[in-house]
Amino acid sequence: MGCAALVSTSAHGESSEAQVTVQLDAAHPGAAISPDFAGVSFEASLLRPEHGTHYFRADNAPLIHLFHTLGIKSLRIGGNTSDRDARQLPSETDIDSLFAFAKAADVRVIYCLRLHNGDPDAAARTAKYIMDRYAPLVDCFSIGQEPSAYPVEKHDTRANAERMGAANEKYTYAAYREDWKKFADVIIAAVPNVKFCGPSVHNNGEWARRFMTDFGRSNHVTLITEHLYAGGAGGKVPTPEIGRDRMLAARGSNSFPRVYQKLYNGFVPMAISNGLPYRLGEVNNYFNGGATNVSNTFASSLWGLDFMYWWAEHSAAGVNFHTGDRVAAGYTLAPSKYTAFFSTTNGYIVRPLGYGIKAFDAGSHGRFVPVTLAGATNLNLRAYAVLGGDKNVYLTLINNEHGNNARSASVALDAGMHFARCETIALSQSSNDAAATSGVTLGGAEIKPDGSWPGNWKSVPAGENGGFSVALPATSALVVRLMPDQAN
């Protein structure tokens, strides 16, 4: 595989035919994607048993199977119910059940300790209980959940949906720094092998920089964490069409990647220079439970797939999609619109976002391959390539064209003598409708309630010249697996 592979794309629409070339330089792979990149995040309240049964437990076979199917390797426990809106924190029995699940699901846990109105000694007891029994399954502990949004009055007078964002956040970093150090000192004294992450604020690079300055070279800090809901409040989306358009917008314009880049610029260069990995410990598209007819649509599947690759390309250790049947929306729990999956009587129903996570799992195990796009750059197309440990090249194409003038693409893969076979898995919706909430498949199949996925790679026959061609409809994605000729 010493030479590059060329991918030529022809797009058709009301405008003239467009030609796009994607060049893959498989001979010069770059950084590896973290093997535990894919993660989920849940409210701490979910650890409490409901009707006498724990959600996270060692015998919850459908959920364990689903974690394996989606490639989930990181489980973060937090949300507002872990901190400022905590009603009852998990008991030792609840924690035991959580870590029995974590062991069975083969995930490492990020655990949030209560800071707002919390007790340092109680936090230390919790951390010690966990580390004494489950240290190999622990990634780190955060002290506090989105502290920049803490209330500054005894009774929070902010509207339920108006607690995040610069205009509504009055709690100062200086106050947080003092409280964090007080808690950290007590916890470290009780648990010398503890590992911390932080500051776990939403879309605030300044807090992360200051946290690194104060604690990044000491105090057992091993990971920098930020949260991100790039679209802002779900209830403030003007229309579902606008909400979906923002998720799928071409780069530049009013697109989500502009939000990503600003946050990245705000703290990641400093983290890298200090040798500290970073992770987005709680993410999704719109906060307060998501946006109606936006967060639960097929658009979220394409968005989630692109979101994961964007941050992987930008050196993130991983992302954790906040999910669950109910999530904190302000100080209340509400049904989740953005969840990757929700409970049903015989297991779990995977929502569109979950299919995007699974598509990432299909093509992301390895090292990034340089990709060059040339030609009709106005086509709303994303392309990512990875050289796998199996020596195959995995190319993920995401066609975010949607709506009345959406353009499909015919993709010619000029593999030459370097690739002997080509296979694909399509991420699609039955009518290529970004607004649809059902009919989503990956590899021609749905993910079943028991967590299994019967999808398959589809073989692409070689053309007369030995090359390969694939179709990429509008509002769909394709994972292409290029397999080298073993004789070369």
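The values are calculated or read from the model by the stated rules, or taken from the named source; none is laboratory data. Remember, it's a predicted structure, so these values are computed and weren't measured experimentally. Using ideal geometry, Cβ is built from the backbone for each residue, glycine included, and neighbour counts are taken over all protein chains shown.
Here is how the numbers come out for the structure above:
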read-out: Residue within the stretch 235-253 that is closer than 14 Å to HIS202 by Cα and surrounded by fewer than 23 Cβ atoms within 10 Å (Cβ to Cβ) present; value: no
read-out: Test: PRO461 is within 28 Å of the chain's Cα centre (by Cα) and either in a loop (DSSP other than H, G, I, E, B) or surrounded by fewer than 15 Cβ atoms within 10 Å (Cβ to Cβ) (or both); value: no
read-out: Filtered residues of the stretch 464-488 (kept if assigned to a loop (DSSP other than H, G, I, E, B), within 21 Å of SER408 (Cβ to Cβ) and either at pLDDT below 75 or out of contact with any Phe, Trp or Tyr (no Cβ under 9 Å at 6 or more places or on another chain) (or both)); value: GLY467, PRO473, ALA474
read-out: Test: HIS155 is out of contact with any Cys (no Cβ under 9 Å at 6 or more places or on another chain) and buried (at least 19 other Cβ atoms within 10 Å of the Cβ); value: no
read-out: Residue in the stretch 407-415 that is at positive phi and modelled with pLDDT under 95 present; value: no
read-out: Candidates ALA383, ALA420, ALA435, ALA426, filtered to the one that is part of a loop (DSSP other than H, G, I, E, B) and surrounded by fewer than 23 Cβ atoms within 10 Å (Cβ to Cβ); value: ALA435
read-out: Test: residue in the stretch 192-208 that is at pLDDT 80 or above, over 22 Å from ILE77 (Cβ atoms) and in contact with a helix residue (DSSP H, G or I) (Cβ under 8 Å, 6 or more places away or on another chain); value: yes
read-out: Out of ALA317, ALA362, sole residue that is assigned to a helix (DSSP H, G or I) and either among the small types (Gly, Ala, Ser) or at pLDDT below 95 (or both); value: ALA362
read-out: The stretch 238-283, subset outside any strand (DSSP E or B) and of a type in the set (Ser, Thr, Tyr), residue modelled with the lowest pLDDT; value: SER253
